[in-house]
Amino acid sequence: MLIERLDVNPEFEGVYRGSDAKTGLLAFVAIHSTALGPAVGGCRMKAYLGERAARQDAMRLARAMTYKNAAAGLPLGGGKAVICVDEASAGTPELMRAFGRFVEALNGRYITAEDVGTSPEDMREVASQTTYVAGLQDGPFASGDPSPVTAMGVFECMSVALSARFGAPDFKGKTIAVQGLGHVGMALVRMLHREGAHLIVADVNRGATRLAAAELDARVVPPEEIHKASADVFAPCALGGTVNDQTVHQIAAPVICGAANNQLAVPDMASVLMERGVLYCPDYIVNAGGIVNVAKEILRENSDDWCNARLRAISRRLAEILAIADREHRTPTEVANDMVAEILSSRTQRKTA
Ligand code: NAD
């Protein structure tokens, strides 16, 4: 295993390239910040268009994890790993074990977990080589699938957003358009249905939309139409980049609140949404339930109270952000980012004092 520290961007505490000829591993670990604690973030595995694209993805995602962990009030920093694979060669046990040795060599400055392209089984292989892994399915503090907790956080935040926009937190009679009925989206629509919301849904997986139509009386629309649906809230719960140059002018709902990471294709979209009068709830605030669940395992907290208190804090923080944004005529994204910058700088100052 060859591990090289790359000198690419002083904003990052470390960017590492790990390669292993025997297993074919090529991976990058980006540690953005450990100001609040060890850098935590999942391991993404996919086919990248070259090493530079993979490294940049790891760095972009690591920075976002610093923001998410800080905003969630967790004593954790931000990091991320990516493994470059050909579509066909993804995730052999040998490859995952080699990645585990790469993580182990970083001595706990980075803790990995499941992400897009990796599975609980992959993490079990990683865990055979390092203790710096979370999101496991078994063991005394194993946190399992974070999706139900993420969905709960989104649900609570949506209720805060309804209050901010319509003056009451009630779902009854409201129409929610949900893009993506995967682990989080499906759990979310079930909660919304229980609270009396009308549902409009889209997914490229027909089985998921059929289930939502039959079980929850959801109206199904084509995936390319969901953002245009006439609804009170649009909830992106599929992939990133949903709000882009093309869609931003077509979004019909006055509120966006969903689970997907990186919903804004570029940061400027936040201002365009504000100009259009659309209330955008910053994704990394809204979807922090998953990392709270993972943190429970890392911090060896096994009481539900610990998790519930931090879940409630997510929606309280969103309420505070929306109130400040409204008062100061700023985008919620800008307010959230400033809040995180303040948390990080006060911790860095305390560390150096
Ligand atoms: P998932 O893979 O289980 O579900 C994604 C769903 O989106 C799938 O059903 C897929 O078919 C669908 N989809 C893909 N492309 C689509 C399109 N163009 N239009 C409509 N649907 C489409 O993922 P998940 O775990 O439910 O996560 C959803 C999003 O939330 C992701 O962006 C993820 O990064 C983010 N997130 C998830 C968690 C978590 O705890 N799982 C935590 C934080 C953030």
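Points worth noting:
- Single match in Thr175, Thr131 (criterion: within 21 Å of Ala260 (Cβ to Cβ), among the polar types (S, T, N, Q) and either under 18 Å from the mean Cα position of the chain (by Cα) or more than 13 Å from the ligand (Cβ to nearest atom) (or both)): Thr175
- Residue in region 109-128 that is nearest to the ligand (Cβ to nearest atom), counting only those that are of a type in the set (A, V, I, L, M, F, W, C) and assigned to a helix (DSSP H, G or I): Met123
- Residues that are in the same structural domain as Gly14 (by TED's automatic domain parsing) and under 20 Å from the mean Cα position of the chain (by Cα) occur in region 92-110; there is at least one.
- Count of region 287-315 residues which are closer than 20 Å to Leu188 by Cβ and of a type in the set (S, T, N, Q): 4
- Residue count for region 242-269, restricted to those that are within 14 Å of the ligand (Cβ to nearest atom) and either of a type in the set (Lys, Arg) or over 20 Å from Ala288 (Cβ atoms) (or both): 4
Okay, residues lined up against (1) touching a residue at least 24 places away in the same chain (Cβ under 8 Å); (2) over 14 Å from Thr118 (Cβ atoms); (3) of a type in the set (S, T, N, Q):
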| position | (1), (2), (3) |
| --- | --- |
| Val15 | yes, yes, no |
| Asp20 | yes, yes, no |
| His32 | yes, yes, no |
| Cys43 | yes, no, no |
| Leu49 | no, yes, no |
| Lys68 | yes, yes, no |
| Ala81 | yes, no, no |
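- Top-ranked residue in region 178-204 [being part of a helix (DSSP H, G or I) and over 23 Å from the mean Cα position of the chain (by Cα); ranked as farthest from Pro223 (Cα to Cα)]: Arg194
- Only one of the listed residues (Ala62, Ala70) is on the phi < 0 side of the Ramachandran plot, touching a Lys or Arg at 6+ places or on another chain (Cβ under 6 Å) and assigned to a helix (DSSP H, G or I). That residue is Ala62.
- You will find that of Ala168, Ala214, Ala197, Ala151, the residue that is buried (at least 19 other Cβ atoms within 10 Å of the Cβ), small (Gly, Ala, Ser) and more than 9 Å from the ligand (Cβ to nearest atom) is Ala197 and no other.
- Selection status of Ser19, of a type in the set (S, T, N, Q), on the phi < 0 side of the Ramachandran plot and buried (at least 19 other Cβ atoms within 10 Å of the Cβ): no
- So Ala39, is it touching a residue at least 24 places away in the same chain (Cβ under 8 Å) and small (Gly, Ala, Ser): yes
- Positions within region 40-82 being charged (D, E, K, R) and buried (at least 23 other Cβ atoms within 10 Å of the Cβ), in sequence order: Lys68, Lys80
- Options Ala252, Ala295, Ala259: the member that is in contact with a helix residue (DSSP H, G or I) (Cβ under 9 Å, 6 or more places away or on another chain), surrounded by 24 or more Cβ atoms within 10 Å (Cβ to Cβ), part of a loop (DSSP other than H, G, I, E, B) and among the aliphatic types (A, V, I, L, M): Ala259
The values are calculated or read from the model by the stated rules, or taken from the named source; none is laboratory data. Because the structure is predicted, anything quoted here is derived from the model rather than measured. Backbone-built Cβ (ideal geometry, glycine too); neighbour counts: all protein chains shown.
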